[in-house]
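The values are calculated or read from the model by the stated rules, or taken from the named source; none is laboratory data. Not measured: the values here are computed from a predicted model. Cβ coordinates were reconstructed from backbone atoms using ideal geometry, including for glycine residues, and neighbour counts include every protein chain displayed. Ligands, DNA and RNA are excluded from the accessible area calculation, which covers all protein heavy atoms including side chains. Shrake-Rupley method; radii C 1.70, N 1.55, O 1.52, S 1.80 Å.
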Amino acid sequence: MGVLNVTPDSFSDGGRFLSREAAVAHARRLAAEGADLLDIGGESSRPGAAPVSEDDELERVLPVLEALQDLPVPLSVDTRRPRVMREALAAGASMINDIEALEAPGALEAVAASSCGVCLMHKKGDPATMQRDPVYGDVVAEVKAYLAARIAACEAAGIARERIVADPGFGFGKTAAHNLELLRRLAQFADLGVPIASGWSRKSTLGAITGRPAGERLAASLAAALLSAQAGATILRIHDVGETRDALAVWLAMRNGDIRGTA
Ligand code: 9MG
């Protein structure tokens with residue numbers, strides 16, 4: 001899943017793709033590099049990010065979504081707002097990626113009314129405050145229980161399990177130690193019975209480990225993507241598609257004993 005931020009303030013690429021033309025060109029580049037899915041977001045969820053108005057979010061996302069309808073790659077929209085979900089689905093989105101796991105009033109209904117896929121992500125708190133001393137007992141058990149409850153809420157609302165992906169939400173109300181514990185035990189999320197997504201790309205825990213700023217975290221992001229895939233994640237939310245595909249190709253060639261067609 002290639003990341004396409006159409007925002008002025010995302011932590012790693014904020015402002016770079018704010019114009020429609022730049023965003024569309026970047027999306028085409030990610031697809032050409034081998035992305036299987038693109039995730040378009042019009043509101044930054046980085047720690048401390050200010051919320052944008054619903055109208056601004058729609059103005060950022062819809063023109064890009066519309067301009068990419070000829071792309072042979074499904075398009076996801078990263079939003080927590082039911083109106084944005086409905087309009088994005090009407091404009092051709094195939095998936096909703098929601099960092100609030102469809103908790104907003106009307107979000108379950110917006111997704112249930114279509115046949116799209118949905119990614120339910122865990123977070124603790126709001127982006128503005130979530131990194132202020134988050135506390136868990138057993139972080140894996142708590143995150144899993146939350147995701148299981150949201151999957152059940154989706155099914156009760158008429159969203160079939162086959163449409164659902166779950167994501168532990170690395171970096172969302174979690175310390176570096178929590179993120180590493182979740183990665184170490186990511187294979188345990190298979191019990192949820194849905195595909196698992198993982199998003200480590202350029203995140204601050206990688207900065208804490210390597211001492212590098214967001215723009216210099218490619219090698220660390222590749223390591224985290226590979227570790228996620230080895231633990232069973234089948235959707236990797238990433239900025240650097242070509243490089244990640246190459247890293248995965250080496251792992252898959254080793255695992256499958258076949259150097260052709262492995263990634
Ligand atoms: C929008 N967004 C930012 N980070 C993310 C992550 O790790 N997972 C998902 N599903 N969405 C994310």
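A few remarks follow.
- Sequence ranges 189-200, 153-164, ranked by mean other-Cβ count within 10 angstrom, highest first: 189-200, 153-164
- Cα gyration tensor shape for segment 1-98, rounded if a/c is under 1.5, else prolate or oblate: oblate
- In nm, spacing of pseudo-spin labels at A32 and A104 (7 Å Cα→C-beta vector): 3.4 nm
- One decimal place: the segment Q230-E59 gains 57.7 nm when fully extended, by the rule 0.36 nm per residue minus the C-alpha distance.
- Placing pseudo-labels 7 Å out from each Cα toward the beta carbon at E155 and R184 gives an inter-label distance of 3.1 nm.
- The calculated FRET efficiency for the pair D133 and Q69, based on their C-beta separation and a Förster distance of 35 Å, comes to about 0.20.
- Compared with the alpha-carbon gap, the fully stretched path from A50 to A22 is longer by 7.8 nm at 0.36 nm per residue.
- Taking a ≥ b ≥ c as the square roots of the eigenvalues of the Cα gyration tensor, segment 135-263 is classed as oblate, since a/c reaches at least 1.5 and a/b does not exceed b/c.
- Considering only P63, P105, P134, the Gaussian network model of the chain with Cα springs below 10 Å gives its largest mean-square fluctuation to P105.
- Summary of packing: across the peptides 171-179, 227-235, the per-residue average of other C-beta atoms within 10 Å ranks them, highest first, as 171-179, 227-235.
- Mean accessible surface per residue for segment 1-98, computed with a 1.4 Å probe while every protein chain stays in place, in Å²: 39 Å²
- Peptides 30-43, 73-86, ordered by how many other C-beta atoms sit within 10 Å of their residues on average, highest first, read 73-86, 30-43.
- Surface accessible to a 1.4 Å probe, per residue, for the residues of segment 119-239, Å²: 42 Å²
- Each helix, a run of at least 4 DSSP H residues, gives -39500 (n - 2.57); summed and divided by the residues of the chain, these come to -12500 deg cm²/dmol at 222 nm.
- Cβ-based charge dipole, the chain, positive-most Cα from Q69, V250, H26: V250
- Solvent-accessible area, 1.4 Å probe, carbon plus sulfur percent, for the chain: 54 percent
- Between A145 and E216, the simple label model (points 7 Å from Cα in the Cβ direction) yields a spacing of 4.2 nm.
- Rounded if a/c under 1.5, otherwise prolate or oblate - the chain, Cα gyration tensor axes: rounded
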